[in-house]
Amino acid sequence: MNKLPLLCFCMIITTFISAQQQYTIKGYITEQETGEALISSNIFDVTSALGTVTNNFGFYSLTLPASEVALLYTYIGFATQSKKFILNKDTTINLELSNSLDLEEIEVVADKVVAKSRETQMSTISLGAKEIKAIPALLGEVDVLKSLQLLPGVQSGGEGQSGLYVRGGSPDQNLLLLDGVPVYNASHLFGFFSVFNADAIKDVKLIKGGFPARYGGRLSSVIEVNMKEGNKKEFKGAGSIGLISSKLTLEGPIGDKTSFMLSGRRTYIDLLARPLIKSSLKQDGIDGVLGYYFYDFNGKINHTFSDKNRLYLSFYSGRDAFYYNATEDTDDRKETNNTNLGWGNYTSVLRWNHLFQDNLFANLALSYSRYNINTGVSFSDLDKSNNQSNEFSFNYSSGIEDIALNYTFDYLPNPDHYIKYGVSAIHHRFNPGQFKLFSKENQTIGLDTVIGQKIVPTLEYAAFVEDEVKINKKLSLNAGLHFSAFSVQKKNYFSIQPRLSSRYMLQDDLSLKASFSTMRQYTQLLAFEGLGLPTDLWVPSTKRIKPQDAWQVSLGLAKDLGNDYEFSAETYYKGMSNLIAFKDGNGIFQIDDWQDRVTQGKGRSFGFELYAKKKTGKLTGWIGYTWSKTDRKFDDVNFDTWFPFKYDRRHDISVVGQYEISKKWSFSGSWVYGTGNTATITYQKVPQQPWDYIKNDLSSIDLGTFAYGGYSIVENRNNYRLRPFHRLDLGFARKVSRKTWDYTVSFGAYNAYNRKNPFFVDYDTVYADGGGDGKIVLKEYSLFPVIPYINFGFEF
């Protein structure tokens, strides 16, 4: 028997089997200088033209046919590294990338892999810590959320405030995640600064639409803020001394497998001003102090057991405090007054990463989150002549507390599929507002009781699955489902939310993108549309109050020009239902059930956004433009007709730039323009009972307001538009390097050309030179003039 044909047949079969055999390359991509994980770093095989990206922990997995592979490891701003070898077994490659760009020629090739036009996800913008720190800020306080306000589709609540209104949504409709844990109050100093200390932050990602299925619980945006993990190579420190606060960050390794990061910030205006305030009160015969401060404290510790098991513990604590403590002591009486107002967040999360197999990555997270507000006022009056005393105290508390468990998986069966799935459960505990009153008169207890609303426990569950699939070289999809359930007061709500994003390559560097998503929100914020005061109240959906729902469709183009530039244009429409708002004339500090004081309605928002960014070179920055329109409609507001949202603005423009003058000097600037916000003004005053005029329809009355002898009658909600807003911020920085430490002196000006931007509008009376009754006019009030700043920063 001739064995040659059989031998040839066996060789062909062996070759075919070998060609079909696949192996997995896995590992972690980190920064060479610090050991920090690089999120969304790209891994690309030139031979097969297949690739993948790292997840939030720097992990990647790429399954390829057995053959020769030529891998490129890239990350924007870092030197590309290459690996070329024969893939004939499962391989682990942990790689460190340097931020020294020496391999420019290779980087040009790889940049097409990381190009914005090739990403399936749309309506997403990421900012690194370096970009955020370069932007001039109010009083020199670098602010994460104010940086996001400079992006298209994002609006601020007002002059200097850190609230975010994304594509017509409200601040409570933003899912704000700090290391994966929701943060419920993002503002310090009544909204003028955010709670995020930029020195502790690694990067920030904003998603405005086309939400992947793994996110849920909010309607308008997802903001992922990732804290630094801590330098794994050497002990480092950094800090700054500014006009109103100082910061200090320490990080470094603990042994070979553990690293830590600690960062703190505190304002000290209250300490500096205390002697002056005490002296001023002393002149009025009062022994006391008055002040305000806020602080933040971030911490993180990480431990690597092996390539398959890693543990992360991170936490955040921040609080605002206002206090006034005074004693007036005379010969016959002694009066004491103590007032304290405090609010703040606390978050903590323990995360365990486990690699079940080379292409299956799991993250188990147990987290705790809390936001609360406490207001206390106490007063005592002692009559020394008869030793009789009167005492009174008032305390108000509200807030929300969460305990959550999340278990998520990343599964990468091959380069054409990136599957994510997981489950979560959250136990919410809502305090809608409780009052504690105590009164004692002449040694007799008159009142000691707690009134208000009961604590409301709820359970929220979710499950999701999503797959980023490459159909062919031109078409890719991210398709998924998000399921959620909410249990409250023996009432159960359920929701299935489909999500779909797509990308089609029109050219090598030009793509057409489209997305559709539905969202549901079970928690909501009762807030006044004014200053970011801490009186805002988190409440749950109940038997009477339905969950908020939204759907959004987006269409856009993305274009890249080499390494340097990226462009995008998007249009969107968003519909919202079951939005919540106070009925006219109602507010926070009331004893009756909050459900009796609110109404629900609809919203709609549509717009067009342009974004152009220069990513490399001495001059970097971006230009953003937004045209948008946002309306609201509630049954018990504005006669059940549509009215403009308070922050409805037709035009928003932002220009942001940083220029490296030399190795020591750099310049930065930002200019913003926005159509004026809306406001509600009255057109007539009624000197007697208003219902005689409007036939018992109270929706148009500014209840409780006696304006110049009568009630104010409002024809339409938000019927007046303030003047346009625009502002220029400038900053300079000089960096000096020493042997063991570096320092940077930053200085500049907020509102450099002293624009008197309108903050709010109210009635005023203007009198003629000859006197008379005066004329009632509308007057716009401004808040910030030009404000210079200086800041001293150091690293060691």
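The values are calculated or read from the model by the stated rules, or taken from the named source; none is laboratory data. Here the structure is a predicted model, which is why all the values come from computation and not from measurement. Note: ideal-geometry Cβ built from the backbone for every residue, glycine included; neighbour counts use all protein chains shown. The area values use the complete protein model at the heavy-atom level, side chains included, leaving out ligands, DNA and RNA. Shrake-Rupley method; radii C 1.70, N 1.55, O 1.52, S 1.80 Å.
Quick one: would you say G242 is surrounded by 17 or more Cβ atoms within 10 Å (Cβ to Cβ) and without any contact (Cβ under 8 Å) to a residue 24 or more places away in the chain?
The answer is no for G242.
Looking at (1) under 26 Å from K474 (Cα atoms); (2) at pLDDT below 95; (3) open to solvent by less than 10 Å² (accessible area, probe 1.4 Å); (4) not charged (D, E, K, R), find the lone condition where Y565 falls short.
Y565 satisfies every listed condition except (3).
Small (G, A, S), at pLDDT below 95, under 28 Å from T458 (Cβ atoms) and buried (at least 20 other Cβ atoms within 10 Å of the Cβ), is that true of A550?
On the way: small (G, A, S): yes; at pLDDT below 95: no; under 28 Å from T458 (Cβ atoms): yes; buried (at least 20 other Cβ atoms within 10 Å of the Cβ): yes.
No; evaluated as a whole, the condition is false for this residue.
Residue by residue, here is whether (1) of a type outside the set (S, T, N, Q); (2) part of a strand (DSSP E or B); (3) over 21 Å from R727 (Cα atoms) holds:
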site	(1), (2), (3)
D172	yes, no, yes
L176	yes, yes, yes
N185	no, no, yes
D199	yes, no, yes
K202	yes, yes, yes
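So G157 fits all but one of (1) over 26 Å from E119 (Cα atoms); (2) buried (at least 22 other Cβ atoms within 10 Å of the Cβ); (3) modelled with pLDDT of 90 or more; what number is the exception?
(3)
Assigned to a loop (DSSP other than H, G, I, E, B), more than 23 Å from the chain's Cα centre (by Cα) and closer than 26 Å to S605 by Cβ: is that true of I545 in this structure? Outline the logic, then answer.
Details: assigned to a loop (DSSP other than H, G, I, E, B): yes; more than 23 Å from the chain's Cα centre (by Cα): yes; closer than 26 Å to S605 by Cβ: yes.
For I545, the condition - assigned to a loop (DSSP other than H, G, I, E, B), more than 23 Å from the chain's Cα centre (by Cα) and closer than 26 Å to S605 by Cβ - is met.
Which residues, taken from the range 730-760, are outside any strand (DSSP E or B) and open to solvent by less than 40 Å² (accessible area, probe 1.4 Å)? Spell out the reasoning first.
So in the range 730-760, the residues outside any strand (DSSP E or B) come out as 738-741, 751-757.
Listed by number, the residues that qualify are N751, A752, N757.
Give the residues of the range 627-679 that are under 27 Å from the mean Cα position of the chain (by Cα), in a loop (DSSP other than H, G, I, E, B) and surrounded by 17 or more Cβ atoms within 10 Å (Cβ to Cβ), sorted by residue number.
Residues satisfying the conditions are F645, K646, Y647, D648, R649, T675, G676, N677.
What's the number of the only condition in (1) at pLDDT below 95; (2) open to solvent by less than 30 Å² (accessible area, probe 1.4 Å) that A462 fails to meet?
(1)
Inspect all residues belonging to the range 330-343 and state whether any of them is modelled with pLDDT of 90 or more, charged (D, E, K, R) and either assigned to a loop (DSSP other than H, G, I, E, B) or in contact with an Asp or Glu (Cβ under 8 Å, 6 or more places away or on another chain) (or both).
So far as the range 330-343 goes, no, none of its residues is modelled with pLDDT of 90 or more, charged (D, E, K, R) and either assigned to a loop (DSSP other than H, G, I, E, B) or in contact with an Asp or Glu (Cβ under 8 Å, 6 or more places away or on another chain) (or both).
I need the full set of residues from the range 285-330 which are touching a residue at least 60 places away in the same chain (Cβ under 8 Å) and basic (K, R), in order please.
K300, R310
With more than 30 Å from Y421 (Cβ to Cβ) and either out of contact with any strand residue (DSSP E or B) (no Cβ under 8 Å at 6 or more places or on another chain) or open to solvent by less than 60 Å² (accessible area, probe 1.4 Å) (or both) as the only criterion, which of N325, N340, N302 stands out?
Working: N340 fails: either out of contact with any strand residue (DSSP E or B) (no Cβ under 8 Å at 6 or more places or on another chain) or open to solvent by less than 60 Å² (accessible area, probe 1.4 Å) (or both); N302 fails: more than 30 Å from Y421 (Cβ to Cβ).
Step by step, each of N325, N340, N302 is checked, and only N325 is more than 30 Å from Y421 (Cβ to Cβ) and either out of contact with any strand residue (DSSP E or B) (no Cβ under 8 Å at 6 or more places or on another chain) or open to solvent by less than 60 Å² (accessible area, probe 1.4 Å) (or both).
State whether one or more residues within the range 211-225 are surrounded by fewer than 23 Cβ atoms within 10 Å (Cβ to Cβ), part of a strand (DSSP E or B) and touching a helix residue (DSSP H, G or I) at 6+ places or on another chain (Cβ under 6 Å).
No, the range 211-225 has no match at all.
Identify the residue in the range 471-488 that is open to solvent by less than 80 Å² (accessible area, probe 1.4 Å) and over 26 Å from the mean Cα position of the chain (by Cα) and, among all such residues, is farthest from Y421 (Cα to Cα).
Ranking the candidates gives V488 first.
Yes/no per residue for (1) of a type outside the set (A, V, I, L, M, F, W, C); (2) touching a residue at least 60 places away in the same chain (Cβ under 8 Å); (3) touching a helix residue (DSSP H, G or I) at 6+ places or on another chain (Cβ under 7 Å):
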residue: S476; (1), (2), (3): yes, yes, no
residue: F483; (1), (2), (3): no, no, no
residue: S487; (1), (2), (3): yes, no, no
residue: S495; (1), (2), (3): yes, no, no
residue: S502; (1), (2), (3): yes, yes, no
residue: S515; (1), (2), (3): yes, yes, no
residue: T518; (1), (2), (3): yes, no, no
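Checking L698 against (1) at pLDDT below 90; (2) open to solvent by 20 Å² or more (accessible area, probe 1.4 Å); (3) closer than 30 Å to Q149 by Cα, which test does it fail?
Among (1) at pLDDT below 90; (2) open to solvent by 20 Å² or more (accessible area, probe 1.4 Å); (3) closer than 30 Å to Q149 by Cα, L698 violates only (3).
For the range 169-197, what are the residues that are open to solvent by less than 10 Å² (accessible area, probe 1.4 Å) and farther than 22 Å from R351 by Cβ?
G169, Q173, H188, G191, F193, S194
Each row is one residue, and each column tells you yes or no for (1) open to solvent by 40 Å² or more (accessible area, probe 1.4 Å); (2) in contact with a Leu (Cβ under 6 Å, 6 or more places away or on another chain); (3) free of Cβ contacts under 8 Å to residues at least 60 places away in the same chain.
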| site | (1), (2), (3) |
| --- | --- |
| K384 | yes, no, yes |
| N390 | yes, no, yes |
| S398 | no, yes, no |
| N406 | yes, no, no |
| P413 | no, no, no |
| H417 | yes, no, yes |
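Where the second residue is of a type in the set (A, V, I, L, M) and at pLDDT 90 or above and the first is assigned to a strand (DSSP E or B) and lies in the range 780-791, which pairs have Cβ atoms under 6 Å and are six or more apart or on separate chains?
These pairs meet every condition: P788/A749.
Considering A115, A129, A134, which residue is closer than 30 Å to K474 by Cβ and either among the hydrophobic types (A, V, I, L, M, F, W, C) or buried (at least 24 other Cβ atoms within 10 Å of the Cβ) (or both)? Talk me through it step by step, then tell me what you get.
On the way: A129 fails: closer than 30 Å to K474 by Cβ; A134 fails: closer than 30 Å to K474 by Cβ.
Going through A115, A129, A134 in turn, the sole match is A115.
Given (1) open to solvent by less than 70 Å² (accessible area, probe 1.4 Å); (2) within 30 Å of D381 (Cα to Cα); (3) in a strand (DSSP E or B), where does G252 come up short, assuming only one miss?
The single condition G252 does not satisfy is (2).
Which residue out of L71, L50 is in contact with a strand residue (DSSP E or B) (Cβ under 7 Å, 6 or more places away or on another chain), modelled with pLDDT of 90 or more and among the hydrophobic types (A, V, I, L, M, F, W, C)? Let's see the steps before the verdict.
On the way: L50 fails: modelled with pLDDT of 90 or more.
Being in contact with a strand residue (DSSP E or B) (Cβ under 7 Å, 6 or more places away or on another chain), modelled with pLDDT of 90 or more and among the hydrophobic types (A, V, I, L, M, F, W, C) holds for just one of L71, L50, which is L71.
All but one of (1) modelled with pLDDT under 90; (2) not in a helix (DSSP H, G or I) hold for I132, so report the exception by its number.
Every listed condition holds for I132 apart from (2).
This table checks each residue for (1) farther than 19 Å from Q497 by Cβ; (2) more than 13 Å from the chain's Cα centre (by Cα); (3) at pLDDT 90 or above.
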| site | (1), (2), (3) |
| --- | --- |
| S162 | yes, no, no |
| N174 | no, no, yes |
| D179 | yes, no, yes |
| N185 | yes, no, no |
| F192 | yes, yes, no |
| V195 | yes, no, no |
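Within the range 76-112, restricting attention to residues that are open to solvent by less than 60 Å² (accessible area, probe 1.4 Å) and part of a loop (DSSP other than H, G, I, E, B), which residue is modelled with the highest pLDDT?
I93
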